[in-house]
Amino acid sequence: MEKEARGLAPPARRALRQKKAKPWLDELKTWLETQQKEVLPKSPFAEAAQYALTHWTALTRYLDDGRLEIDNNAAENALRSVAIGRNNWTFSGSDAGGERAAVIYSVIESARRHGLDPYAYLRDVLGRVSTHPQRRIAELLPDQWKPGVTP
């Protein structure tokens, strides 16, 4: 169902989820509540069911907001390069060097997230930032950037 929802506008995505996923989740909740009464309280299943029921509001939050994804795959993919390079950053020279590296990696991942070539983006922005009007500095952020536009 989420494959069908991907790419839809948030209101259409919400409507689809309400129509297709909500009835299924309501049925699942009823089933979990019933099964929980029939199994040993300390059994792994009972503990898993209790966990799901305790977090039910968070689990089903995506049904009411079409802007939300059902999973956090996009965030995990964005952080993958951080996890892969973690050992390399141990030797950044100093705490300040580590902080600078973190800023640069954040900018690069933000550019990627917005579909930009990080090298082209950084090359253009670093070439323009010293002459760009401070009051319009937001124009250089990855979500607003236009290549080669001069102040």
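At-a-glance table
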quantity	calculated
Checking TYR121 against (1) at pLDDT below 75; (2) more than 30 Å from GLU4 (Cα to Cα), the condition it does not meet	(1)
Filter result for LEU140 (surrounded by 14 or more Cβ atoms within 10 Å (Cβ to Cβ) and of a type in the set (A, V, I, L, M, F, W, C))	yes
Per-region count, the stretch 1-49, residues in a loop (DSSP other than H, G, I, E, B), surrounded by 11 or more Cβ atoms within 10 Å (Cβ to Cβ) and either touching a Pro at 6+ places or on another chain (Cβ under 8 Å) or in contact (Cβ under 8 Å) with a residue 40 or more places away in the chain (or both)	1
Total residues in the stretch 116-151, condition more than 22 Å from TYR105 (Cα to Cα), not small (Gly, Ala, Ser) and not assigned by TED's automatic domain parsing to the domain that holds SER106	3
First in the stretch 120-141 and of a type in the set (Gly, Ala, Ser), second anywhere and outside any helix (DSSP H, G or I), Cβ under 9 Å, 6 or more apart	ALA120/PRO147; ALA138/GLN144
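The values are calculated or read from the model by the stated rules, or taken from the named source; none is laboratory data. Predicted model only: the values in this text are computed from it and were never measured. Ideal geometry is used to build each Cβ from the backbone, glycine not excepted, and the neighbour counts take in all protein chains shown.
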